[in-house]
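Enquirer: A single structure is presented below for examination.
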Amino acid sequence: MLNGARTRRMVATIRIACLPCALSLGLSGCHHKPVVPPLPAITQPVALETPPSPAKPPMVEAQPAKMPPVPVAAAGGKVRTRHKNTKTTPSAAATPPAQVASVEAPSPEQTAIGALSTGGDASPQAQKEAGDLIASIDKRLNALSAQKAESDKAQISKIRNFQRQAQEALSSGDAEGAKTLATKAKLLLDDIEK
């Protein structure tokens with residue numbers, strides 16, 4: 001009896017252990033490659049048809065695009081003011097001034113600034129915004145500690161240069177140019193204060 005019970009337990013254990021193996025083998029299926037029957041050989045030549053050529057569409061002429069005028073670079077990024085002469089001498093009015101073309105090599109600071117706008121009709125609001133921006137930069141520069149000002153002397157020099165040029169642009173009536181220059185000074189000042 002002891003042998004019979006032991007044998008039954010072993011058989012039950014083997015069945016339980018082998019059941020997952022048998023199921024996985026049964027479910028995995030056949031791994032043979034399916035054989036595809038070959039296509040029948042072509043015994044007669046087949047005429048190839050050429051597709052009809054598409055009709056050529058009529059050419060449509062492109063309409064000329066209206067482009068804005070070509071921008072002209074300012075004279076080295078410098079703001080020039082004109083003074084009206086109240087007295088003109090007859091000799092100066094009779095002799096036309098000689099025109100001489102000269103090319104100045106712009107300094108690195110001028111090339112970083114870019115060309116200023118022509119000014120045009122600046123609104124009082126734009127002039128006020130530019131003036132406020134210049135004033136806020138001046139206030140922030142004066143609020144810097146002496147140690148910070150000494151450590152970032154080169155950057156502060158650039159900021160003051162931008163601020164001076166912005167003030168010159170504003171006094172000449174170029175509010176947009178003044179705002180651009182003042183914004184550049186503000187961004188440099190933001191970098192210092194970080």
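Enquirer: Which order do 16, 192 fall in if you start with the one that has the fewest other Cβ atoms within 10 Å?
Expert: The fewest-first ordering by Cβ neighbours comes to 16, 192.
Enquirer: List, largest first, the extents of the alpha carbons of region 148-194 along their principal axes, each in whole Å.
Expert: 35, 15, 9
Enquirer: Separation between the residue 8 and residue 65 pseudo-spin-labels, each 7 Å from Cα along Cα→Cβ, expressed in nm?
Expert: 9.4 nm
Enquirer: Order 151-158, 7-14 from most to least packed using the mean count of other Cβ atoms within 10 Å.
Expert: Highest-to-lowest ranking by the protection proxy: 151-158, 7-14.
Enquirer: Another question about this same structure. Multiply the residue gap between residue 48 and residue 139 by 0.36 nm, knock off their C-alpha separation, and tell me the result in nm, one decimal place.
Expert: 24.2 nm
Enquirer: A follow-up question, please. Order by neighbour count: 187, 141, 48, 133, fewest other Cβ atoms within 10 Å first, most last.
Expert: Least crowded to most crowded, the residues run 48, 187, 141, 133.
Enquirer: Sorting 174, 132 on the 10 Å Cβ count, fewest up front, what's the list?
Expert: Least to most surrounded, the residues fall as 132, 174.
Coordinate-derived values only; no laboratory data. What you see is a predicted model, and the numbers here were worked out from it, not measured in a lab. Virtual Cβ from ideal backbone geometry, glycine too; neighbours counted across all protein chains shown.
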